[in-house]
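Scroll down for the structure; my scribbles are underneath it.
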Amino acid sequence: MSLLGGISSSSGLAEGTQSADSKAKLEEDLNRFLSLLIAQLKNQDPLDPMDSNEFTQQLVQFASVEQQIFQNANLEKLLEIQQTNQISSMVDFIDTMVEVDGKKLPLDNGRAEFTYSMPFGAKSATIVITNSSGVNVHKSDAVLDQGKHTFVWDGKDNYGIQQKDGSYNVLVSGLNQYGELLEIPHTVYGRVTGVGANEGNASLFLGNIEVGQDKVLSVKEVPTKKTN
């Protein structure tokens, strides 16, 4: 899939040419069949003519296949129109902040935001952010109070060094009073930089992170970066 000007589409060139290729192959086979048929008719024994039922059935089969190819071509056009409409309807998402399910965390302009829902009975919990190489770039304690919490990362690692914008991974893990692992669901926020469709499914791009439209939980304005 290519991304151009914030709008992407898996144009389905491979799929779109299937009907054309099938039609060309059918025409080639039909021409070959007709050439053989004409040659046989010219050279047939007048006293023992060919049985017309066989080549009539073959002609019917060719007609049936041609009709199916025509229907497939129309279906491909309808799917392409539907996909284009999907992309057009999502353009308004560009330059908004969306909340999505997932662990991929986009760092954009030195800022990343995510939420986590702390269950009851948490004794300890940790936030860990790693880069694309799996290196731990941030580690801190999570809030243990039950409920949903928002965490904003300034993009600095454990040594105060600013990290590059891009895709990171976030994990919030914790233990209860019995030392048992807790399930701590979390969501991430990201600025939509492009929209597209892949195999008929609508997608949003948060930088280089692609997420399905069905993963969007909420939408809000992009926060303005404070200046000193």
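The values are calculated or read from the model by the stated rules, or taken from the named source; none is laboratory data. Predicted model, so just to flag it, every value in this text is computed and none were measured. Positions of Cβ are backbone-derived with ideal geometry, glycine not excepted, and every protein chain shown enters the neighbour counts.
Consider residue 114 carefully, then state whether it is under 24 Å from the mean Cα position of the chain (by Cα) and at pLDDT below 90. Answer is no for this residue. The set of residues in the range 197-220 that are modelled with pLDDT under 85 and either more than 9 Å from the chain's Cα centre (by Cα) or in a strand (DSSP E or B) (or both) comprises 197, 198, 201, 202, 203, 212, 214.
Just name the residue that is surrounded by the most Cβ atoms within 10 Å (Cβ to Cβ) out of those in the range 100-121 that are small (Gly, Ala, Ser) and in contact with a Pro (Cβ under 9 Å, 6 or more places away or on another chain).
Kept after step one, since they are small (Gly, Ala, Ser), are these residues of the range 100-121: 102, 110, 112, 117, 121.
Narrowing the set further to residues that are in contact with a Pro (Cβ under 9 Å, 6 or more places away or on another chain) leaves 112, 117.
Details: 112: 24, 117: 14.
The residue in question is 112.
Of the residues in the range 102-126, how many are β-branched (Val, Ile, Thr) and in contact (Cβ under 8 Å) with a residue 60 or more places away in the chain?
1
Of the residues making up the range 99-119, at least one is assigned to a strand (DSSP E or B), within 17 Å of residue 189 (Cα to Cα) and in contact with a helix residue (DSSP H, G or I) (Cβ under 7 Å, 6 or more places away or on another chain). Contact map, the range 162-178: residues that are outside the structural domain of residue 136 (by TED's automatic domain parsing) paired with residues that are in a strand (DSSP E or B) and buried (at least 16 other Cβ atoms within 10 Å of the Cβ), Cβ distance under 7 Å, separation 6+ or inter-chain. No pairs are found.
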